[in-house]
Amino acid sequence: TQDAAGLDALAQEFSAQPDDPLYLRIAEDRLAKALPDEVGEIDLMRQYEVSRSTLRKVLARIQKEGWIEKSIGHGWVFQPMIDSNAAYEENYLFRAALQSERFRVDPEALARLRREQENIAAGGYESMTPIELFEANSGFHEVLAGWAGNRFILQSLRRANQLRRLVEYRHAASGREARLVQIVEHLAILEAIEAGNMAKAATLMRQHLEGARQAKVVARNVFA
């Protein structure tokens, strides 16, 4: 009953954050080092004032994402995560794998990825929420990693993106223009891949990742 242009505020409200406040609270407390490496369910239930069923649902999600594991009894152990500038920087140093001998492009996925990136560059970056932009960015890299033909590269990247997602949620208000630069670089990488010039694609990817690393780690403290 309303024009879509009038729903921007409502869309922002529903899509600017993950849907579970408890998940966000635990993530924020862990990033702030307010939670120890080992925690008990009773203590967490008291701290967050939630039922065991509610807590376990969130802990199961966190376990699936790989930053907590079940211990003996009702305890849980947090796993290493991106919780410092050094760890955030390490995340950028292994993400390019375009020169694998087993690299195979899926033409349909390439066309779909190009359309998505072109739509973002054409103005989507101005209206999409920060988290939507993060999902599009991480999805781009995961598709390319999948073409490398190495399941361990893709698994590692997906886990790294899960961990990086927490930091991006915490620092979601980055500049729109920087996002546009990333998308333009994505399109240049796709163009090189489409032309079969993998050496150029790999060079562009290294430059792309180094630029992002410099912008987010060197130029500013992401954990400030």
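The values are calculated or read from the model by the stated rules, or taken from the named source; none is laboratory data. For clarity, every value in this text was computed on a predicted model and none was experimentally measured. Using ideal geometry, Cβ is built from the backbone for each residue, glycine included, and neighbour counts are taken over all protein chains shown. Ligands, DNA and RNA are stripped out before the accessible areas are found, and what is left, the full protein with its side chains, is counted by its heavy atoms. Shrake-Rupley method; radii C 1.70, N 1.55, O 1.52, S 1.80 Å.
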Spin-label model distance (nm) - residue 194 vs residue 74, 7 Å beyond Cα toward Cβ: 5.7 nm
Quick one: which of 35-42, 177-184 comes out on top by average Cβ neighbours within 10 Å, and what's the full order, highest first? 177-184, 35-42
So, taking all protein chains as they sit and a 1.4 Å probe, how much accessible area belongs to residue 56, in Å² rounded to tens? 100 Å²
